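The values are calculated or read from the model by the stated rules, or taken from the named source; none is laboratory data. Just so it is clear, the model here is predicted, and its values are computed rather than measured. Positions of Cβ are backbone-derived with ideal geometry, glycine not excepted, and every protein chain shown enters the neighbour counts. Areas reflect the complete protein model, heavy atoms only, side chains present, ligands, DNA and RNA absent. Shrake-Rupley method; radii C 1.70, N 1.55, O 1.52, S 1.80 Å.
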Amino acid sequence: MAIDPGSIFSKLGAFTSDHDSVVSMNLFVALLCACIVIGHLLEENRWMNESITALAIGLCTGVVILLTTGGKSSHLLVFSEDLFFIYLLPPIIFNAGFQVKKKQFFRNFMTIMLFGAVGTLISFGIISSGAKYIFEVFNFHQLDIGDYLAIGAIFSATDSVCTLQVLNQDETPLLYSLVFGEGVVNDATSVVLFNAIQSFDLSHINSSIALQFAGNFLYLFILSTLLGVLTGLLSAYIIRKLYFGRHSTDREVALMILMAYMSYMLAELFYLSGILTVFFCGIVMSHYTWHNVTESSRVTTKHTFATLSFVAEIFIFLYVGMDALDIERWRVVSNSPKISLQFSSILLGLVLIGRAAFVFLLSFLSNLTKKSAHEKVNIRQQVIIWWAGLMRGAVSMALAYNKFALSETKDRKNAFMITSTITVVLFSTVVFGLMTKPLIRLLLPSPKHLVRMASSEPTSPKSFIVPLLGNGQATESNQSVPRPSSLRMLLTTPTNTVHYYWRKFDNGFMRPVFGGRGFVPFVPGSPTDRSNHQWQ
């Protein structure tokens, strides 16, 4: 029996039958496979990367579906912020924490937090206030203060995937660490800001509400981080004590995966930030839990988390491409294309200004605290960091849907905001993304001058063996950071001082309780010192 594609693609809310659902899923999986194959073939291309490839395939697929359905739909699947936040985002963020080079991340922790948290707040303030002022100049008075603040949070969320695909973390460890760390903290801060905005009545804002808002933001930020750390430690303790690998490596792999996902869902259950929770859970699990499992389980979990993250990223960009051609919402704004274009241009300009306002200022402040020249962020690296955060992606889309998608086809204001978000995401990803490789090659033509900055930390999975907060100069030898003899040394070398006390606490209490590197189970075939050295 022949299948009418129009009857499949024209359904926006639900599939007509189980068979239609199967057909749509098959087509979507086939598109995912095409994205992987084409992305591989274009890997060495000067302009393209997998994110842009998936976006382009999504756009082309949307055009085909529009033609097939007579202009009724451009979807194979229906976008849902629940689908994004519950199923697609957790593996991406967890893998970021699990694979992060902890030595570089924590060595630059203060700079990363400056860019990711303080910088996001600066960008949030500029975009929100700028949008309110400019939209009112254009006599658009349909938005309230809560909408403007939501716009600031939505367009403060960066997507640095394109830049990270080009940067080499071994050749440019400082730059990669800053871009990577800032991207994760930025997304978490944006989502926490957005959730805080949604929970307050901001129609009559005053100093009391502002203080409550700030307190709620800090509450979400701190508790989310602590929940991630506690969940990671719990997984390490359970696996160390019970040691599932003596009977089945499948059990310990399954437990790691489920505990990682549970950390995210617990954060959502308690209305915290799942992004922050699952990110720090990934860091803790890579430092303790990963070393408590068998060698085969280490390899399995490393590649499992990386694969899930990879597929989720392609899925998101592929769908964003198709969703950009949603004909229903474009019809609402079709009689005012000039206003829609003005909205998108204003928001894009505010993104550029908001990003530049904090990157160069905070880089200058960060450089004042650095004594060594190779630890400072030079002007070329600042430009790349600024550029890396100009792209907007799936997080912005999901937040925009969460805020403005309700009755969007009936509400002109919501339709304008959704279409403007789509336009900014497409333009920034395609235009800025295409120019990322040439820009980096222009500003960093040769990695030779960065060799001295290269960390001695090996690449994954060896990076998991390196202790937290290494000083970046010595490998895993018996060298230790000298104990500070005075408050002056604490102020002049804070990283080494924190490293010294952390290593002392970690070796004296944390590892005996939670395992980690050096943990030797009493079961034959378990991780041993010999197998640890094999990874080094």
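Key figures
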quantity	calculated
The listed residue being surrounded by fewer than 17 Cβ atoms within 10 Å (Cβ to Cβ), touching a helix residue (DSSP H, G or I) at 6+ places or on another chain (Cβ under 9 Å) and under 15 Å from PHE514 (Cβ atoms), out of LEU234, LEU255, LEU230	LEU230
Positions within segment 6-47 being buried (at least 16 other Cβ atoms within 10 Å of the Cβ), at pLDDT below 65 and not in a loop (DSSP other than H, G, I, E, B), in sequence order	ILE8, PHE9
Unique residue being within 18 Å of LYS413 (Cα to Cα), in contact (Cβ under 8 Å) with a residue 24 or more places away in the chain and in contact with a helix residue (DSSP H, G or I) (Cβ under 9 Å, 6 or more places away or on another chain) when the list is VAL311, VAL333, VAL320	VAL333
Criterion (in a helix (DSSP H, G or I), open to solvent by 20 Å² or more (accessible area, probe 1.4 Å), aromatic (Phe, Trp, Tyr) and touching a helix residue (DSSP H, G or I) at 6+ places or on another chain (Cβ under 8 Å)) met by exactly one of PHE194, PHE213	PHE213
Set GLY282, GLY274: member being among the small types (Gly, Ala, Ser), over 18 Å from PHE217 (Cα atoms) and modelled with pLDDT under 95	GLY282
Selection from segment 288-323 of residues that are over 30 Å from ALA54 (Cβ atoms), open to solvent by less than 10 Å² (accessible area, probe 1.4 Å) and in a helix (DSSP H, G or I)	THR289, HIS291, ASN292, SER297
Residue match in segment 386-400 (condition: under 28 Å from ASP147 (Cα atoms), open to solvent by 40 Å² or more (accessible area, probe 1.4 Å) and modelled with pLDDT of 75 or more)	yes
Filter pass, TYR261 being touching a residue at least 12 places away in the same chain (Cβ under 8 Å), more than 19 Å from PRO91 (Cα to Cα) and among the aromatic types (Phe, Trp, Tyr)	no
Residue match in segment 366-375 (condition: of a type in the set (D, E, K, R), at pLDDT below 95, surrounded by 13 or more Cβ atoms within 10 Å (Cβ to Cβ) and part of a helix (DSSP H, G or I))	yes
Neighbours by Cβ (under 6 Å, 6+ apart or cross-chain): first from segment 503-518, within 10 Å of LEU233 (Cα to Cα); second part of a loop (DSSP other than H, G, I, E, B)	PHE514/TYR288; GLY515/TYR288
Residues located in segment 135-190, provided they are of a type outside the set (Ser, Thr, Tyr), more than 23 Å from ASN95 (Cβ to Cβ), in contact with a Ser or Thr (Cβ under 8 Å, 6 or more places away or on another chain) and part of a helix (DSSP H, G or I)	ILE145, GLY146, LEU149, ILE151, GLY152, ALA153, ILE154
